[in-house]
Amino acid sequence: LFQAKYKERGTVLAEDQLAQMSKQLDMFKTNLEEFASKHKQEIRKNPEFRVQFQDMCATIGVDPLASGKGFWSEMLGVGDFYYELGVQIIEVCLALKHRNGGLITLEELHQQVLKGRGKFAQDVSQDDLLRAIKKLKVLGNGFGIIPVGGTYLIQSVPAELNMDHTVVLQLAEKKGYVTVNEIRSSLKWETERAKQVLEHLLKEGMAWLDTQAAGEPQYWLPALFTELYSQEITPEEAKEAIP
Amino acid sequence: MDRFAWTSGLLELGETLVVQQRGVRLCDGEEKVKFDSGVLLLSTHRLIWRDQKNHECCIALPLSQIVFIEEQAAGIGKSAKIVVHLHPASSNKEPGPFQSSKYSYIKLSFKEHGQIEFYRRLSEEMTQRRWETMPTGQTIQVNKDPQAGRIRAVGIVGIERKLEEKRKETDKNISEAKEMVELSKSIANKIKEKQGDITEDETIRFKSYLLSMGIANPVTRETYGSGTHYHMQLAKQLAGILQTPLEERGGIMSLTEVYCLVNRARGLELLSPEDLVNACKMLESLKLPLRLRIFDSGVMVIELQSHNEEEMVASALETVSEKGSLTADEFAKLVGMSVLLAKERLLLAEKMGHLCRDDSVEGLRFYPNLFMTQS
């Protein structure tokens, strides 16, 4: 009898809380509508405000970009901005994949996306790009963010890149290329381990081999070729991008 | 513009490049000058502008000359700008393109975008003031103009007050929202513990609340995946939208292709990646003519129910046999598929034992599995 009563009590409590939550939700909705009407424009136009807003949400423990159907999306229009950016990011990565094997610096991605958006579109910051990319991960296409130097490499193919590969990428970031001996001296690895990592990157098309370099062969990362930054996406590449 | 000095453009010892942007025009206050198309570089010590057509033409401004900076949003036909307010030029300044100027500010006009990033970096450098702690070959110009200091203080106090107001309002929102979220989380936990005391209906309603708030759903019911009514509706819509495109693409599309296609078609009220995945997870249980499939590699695709990837493997084997061997790239071009899906098909064929791989630095190449057929 005691147990039954206890259970009943538990149910009542939960129902109560549910009712209380409905009430609070309504009140919160009203406050949010007010907030939204004041700041909707700012969210669209001001990237710093977007960062603050995102930080606020992270503090509370909500993800405003989780669904296009959420409060945040519907009232503030945050969603559309990032979801559309996601589409543009996918298209740039697809178009350039054959050049860089699916690795691209955040800088180059930024420049190409800006170009694609045209002169009259809203400006987009690197922070915006990173947030959009984090959301794209769930699509299973292998989107990843790899910190290198002071910036990031964005991966857009489902190639497996473990800690060993990442660390070699970071080493290569300084000059755009890396050699077996450099890996051995900087990371204190055996030759075999260094070679395995470099061969994997070659196979994935993320590294190119220069056997004619003075000294030993150099492994270059096309993603880091600064000369290629401002190269336009050719019409053939653009076709590859749109399914 | 009279604060600028001619320079070689080379960085001094101890000076580091922070960011650079092409397509920047300089303006002397409100007036245009001949420096209309150049690369603007920000270093730890200076702002450097180099003409894109004539690399010899290069001018620089020490960051210590800057009082404060403002942003000017873009307009129709106008690029976004940064307005840079400057101290008067010091008497021992190196020669530059202008002897005098009637303005105490310049404008940087970003014709090829990049203004946001540049502004952020410039603000950072202005805060960090690294030029004071990292001496370089150049003489560091220290400005001790008391007049300018006083004027600056008034302006800054006004700005700080506005920021404080904003912060307070945001804090209020944060604490309200925090309460909401705490309550939601406690109920979510209660549901998890006592599944059965709360009705199915209420659970679904509650999940909608959570979805709306953007809270990750801790309650996963396998009957409907992590879906809600919204995702159910969405799944049905997708079945309608994707039928034809799928048929046009041989019955299979990657989820990223679907994401782009659907959102480009929508224009407004776009789907989040999570919405798409959650809706697709419900396709099979709703008995719709499409289904979600996840390959070993993690790649996710939508297939027509009528599509049979295993049958496609048989025709893939034929194609590879005809050519002797193929890489994913070559196969993709031959058949007219995306490289991503071509690779998945070849990998599946390998898994089923029809193909063998030759994995070398020249790439991954597939051959018919003669061990199977010729033993």
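Bear in mind these aren't lab numbers, they're just calculated from the coordinates by the rules spelled out. Because the structure is predicted, anything quoted here is derived from the model rather than measured. As a convention, Cβ positions derive from the backbone with ideal geometry for all residues, glycine included, and neighbour counts pool all protein chains shown.
The slack between B:Tyr367 and B:Glu311, meaning 0.36 nm per residue of separation minus the straight C-alpha distance, is 18.3 nm. Summarising the amide proton neighbourhood of B:Cys356: residues at separation of 5 or more, or on other chains, whose placed amide H is nearer than 5 Å comprise B:Tyr367, B:Asn369.
Fewest Cβ neighbours within 10 Å first, please rank A:Ile183, B:Ile252 accordingly.
If I rank by nearby Cβ atoms, fewest first, I get B:Ile252, A:Ile183.
The label-point distance for A:Arg184 and A:Ala121, in a model that sets each label 7 Å from Cα toward Cβ, rounds to 4.8 nm. The phi-based Karplus calculation (6.51 cos²θ - 1.76 cosθ + 1.60; θ = phi - 60°) puts the 3J(HN,Hα) values of the stretch B:302-312 at 10, 10, 6, 4, 6, 7, 10, 4, 5, 5, 4 Hz, whole numbers, x for Gly and Pro. At a Förster distance of 25 Å, what's the computed FRET efficiency of B:Lys102 paired with B:Glu71, Cβ-Cβ distance as r, to 0.05? Efficiency at R0 = 25 Å is approximately 0.60. Starting from the amide H of A:Tyr152, placed 1.01 Å from N in the peptide plane, find each other amide H under 5 Å away whose residue is 5 or more places distant or on another chain. Placed amide hydrogens put A:Leu106, A:Glu107 under 5 Å from A:Tyr152.
When the chymotrypsin sites (Phe, Trp or Tyr not before Pro) in the stretch B:61-135 are filtered for DSSP coil states and for at most 16 other beta-carbon atoms within 10 Å of their beta-carbon, the remaining sites are B:Phe98, B:Tyr103.
Taking 0.36 nm per residue of separation and subtracting the Cα-Cα distance, what length does fully extending B:Glu94 through B:Gln237 add?
44.7 nm
Take the Cβ atoms of A:Asp164 and A:Ala58, set R0 to 30 Å, and the FRET efficiency comes out at 0.45. Shielding by partners for peptide A:113-122, expressed as the average number of C-beta atoms from other protein chains within 10 Å of each residue's C-beta, is 3. When you work out D = kT/(6 pi eta Rh) for the stretch A:84-241 at 25 °C and 0.890 mPa s, using the Kirkwood radius from C-alpha pairs as Rh and the Stokes-Einstein form, the result is 151 µm²/s.
Across the stretch B:27-37, coupling constants 3J(HN,Hα) worked out from phi with the 6.51/-1.76/1.60 Karplus curve, θ = phi - 60°, read 10, 8, x, 8, 9, 6, 10, 6, 7, 9, 8 Hz, and Gly and Pro carry x. Couplings for the stretch B:240-255, taken from phi via the Karplus curve 6.51 cos²θ - 1.76 cosθ + 1.60 with θ = phi - 60°, read x, 5, 8, 3, 5, x, 5, 4, 5, 10, x, x, 8, 9, 6, 5 Hz in order; Gly and Pro are left as x.
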